[in-house]
Amino acid sequence: MNAYKNGVVAAAVLMLIASLPASAQDSSINVQCPTGPDHPNAKCIHLVAGDGMATMADDMIDPDFGGAGKKQYIFSFAEVPLPGVDGAPTEASGNYPAWVMQTGMLAANAPAPTISVDEDDELFLSLTNVGMTMRPDLFDPHTVHWHGFPEAASIFDGVPDSSVSVNMGATLTYYYNVQDAGTYMYHCHVEATEHMQMGMLGNLFVRPRQNKLDNNTVLGAHTHTTGDTYAYNDGDGSTIYDVEVPIQMGSFDPDFHDASLNVQPLPFAGMRDRYFMLNGRGYPDTVNPAVLSTTDPLSNVQPSQPVDSLVVADAGDRVLLRISNLNITEFYTLGSNLPMQVVALDARLLRDGAGSNMYYTTNSLTLGGGQSADVIIDTTGLAPGSTYFLYTTNLDRLANDAENFGGMMTEVRIN
Ligand SMILES: [Cu+2]
């Protein structure tokens with residue numbers, strides 16, 4: 001029996017577990033979402049961590065899975081509705097835990113669901129580990145680690161050595177008192193080399209409290225109008241933007257992913273990525289505004305890659321690109337034929353000691369794993385109907401494995 005069939009048997013076992021009476025599981029999937037006057041800015045998210053399949057942007061036909069595009073085995077997160085929301089059972093029904101296990105199984109997204117919060121929010125992020133259906137021999141815990149974010153206490157930092165991890169069938173609610181605006185990223189920190197190569201990576205950003213100023217508040221030469229949005233608490237309106245697009249650079253080594261699926265030794269030292277992506281897709285999938293789905297080994301259609309990277313703006317808009325690199329093997333350079341103004345690096349506004357802006361304009365930006373940049377593109381004067389490109393200037397990465405003309409590229413379209 002090959003690993004694929006093993007996985008299906010394991011999935012059947014997991015389905016049996018998931019169909020146990022709810023009373024047997026109630027204590028393990030318990031979402032905390034406080035409301036009321038003590039928590040005026042509370043937000044709640046429920047993520048599951050597990051495995052799944054994603055479709056790469058080439059035309060390879062996979063004999064096990066069929067359909068165009070290499071089917072890549074991944075570990076990652078997916079979002080599930082809170083109890084009683086969007087068709088999810090209520091907690092009182094007793095059916096929510098079983099429903100979460102069922103819904104979360106093989107539902108992993110690449111990239112992981114985007115988390116966007118506002119300064120002064122309290123975020124209650126519940127993480128349930130639904131297990132790796134295709135790898136029943138793995139008992140791996142998972143965590144959520146907000147990379148670069150100043151945590152008040154290490155308990156919720158997700159680094160397994162210094163905080164708690166979430167075992168299969170269990171749930172932990174992380175608490176974030178969100179205080180620093182900026183572009184971050186998140187990932188699982190358990191066996192980080194493996195779990196991050198497998199895809200446990202997501203966009204994360206914090207919008208500044210400057211967005212919430214009263215109408216007509218004066219910020220230097222800029223007067224705030226209700227609805228104006230900024231990348232940072234700049235005090236002068238210089239990071240104002242109209243369109244916001246998170247872009248995570250990354251890549252997969254298909255040999256590593258196949259070895260994981262087929263229960264083979266993992267080639268850590270030999271890791272060499274060959275699918276180059278923005279937000280989990282290679283070009284031309286990057287400019288497809290639809291959710292990309294992949295049929296999982298149980299024949300369920302899963303929304304495997306929900307995030308496109310297409311930038312659409314009206315001429316005159318200021319476009320904020322929240323760029324990050326969470327790849328574990330490569331530095332990547334993102335270039336454009338449009339001038340890119342870098343206003344922040346690693347979630348810190350570029351200012352000198354006297355408070356002067358140190359923004360700079362460039363046509364290419366290089367980030368290593370774990371780095372982020374906030375870039376503003378001013379589209380004033382660009383012709384309506386024109387198209388520009390964001391692409392890696394590591395030109396060998398404009399490819400989807402064996403197929404040329406693809407990879408790490410997307411388009412900026414002017415309405
Ligand atoms: Cu993990």
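At a Cβ-Cβ separation cutoff of 4.7 angstrom, cysteine residues of the chain with no neighbouring cysteine are CYS188.
Taking only DSSP H segments of four or more residues, each worth -39500 (n - 2.57), what value at 222 nm results for the chain once the sum is divided by all its residues, to the nearest 500 deg cm²/dmol? Don't jump to the answer; show the numbers that get you there.
Values: 4 runs with 39 residues, N = 415.
Calculated from helices alone, the mean residue ellipticity at 222 nm is -2500 deg cm²/dmol.
Between helix 3-18 and the chain there is an angle of about 90 degrees, using the helix long axis and the longest principal axis of the Cα atoms.
Per residue, the accessible area of the chain comes to 39 Å² when a 1.4 Å probe rolls over the protein heavy atoms.
In a DSSP loop and with at most 16 other Cβ atoms within 10 Å, the chymotrypsin sites (Phe, Trp or Tyr not before Pro) in region 193-275 are PHE268.
Accessible surface of region 126-262, 1.4 Å probe: 53 percent of it comes from carbon and sulfur atoms. Within the accessible area of region 266-415, the carbon and sulfur atoms contribute 53%, probe 1.4 Å, all protein chains present.
The values are calculated or read from the model by the stated rules, or taken from the named source; none is laboratory data. This one's a predicted model, so the numbers in the text were calculated from it and none came from an experiment. Backbone-built Cβ (ideal geometry, glycine too); neighbour counts: all protein chains shown. Each accessible area value is taken on the protein alone, full model and side chains, heavy atoms only, with ligands, DNA and RNA left out. Shrake-Rupley method; radii C 1.70, N 1.55, O 1.52, S 1.80 Å.
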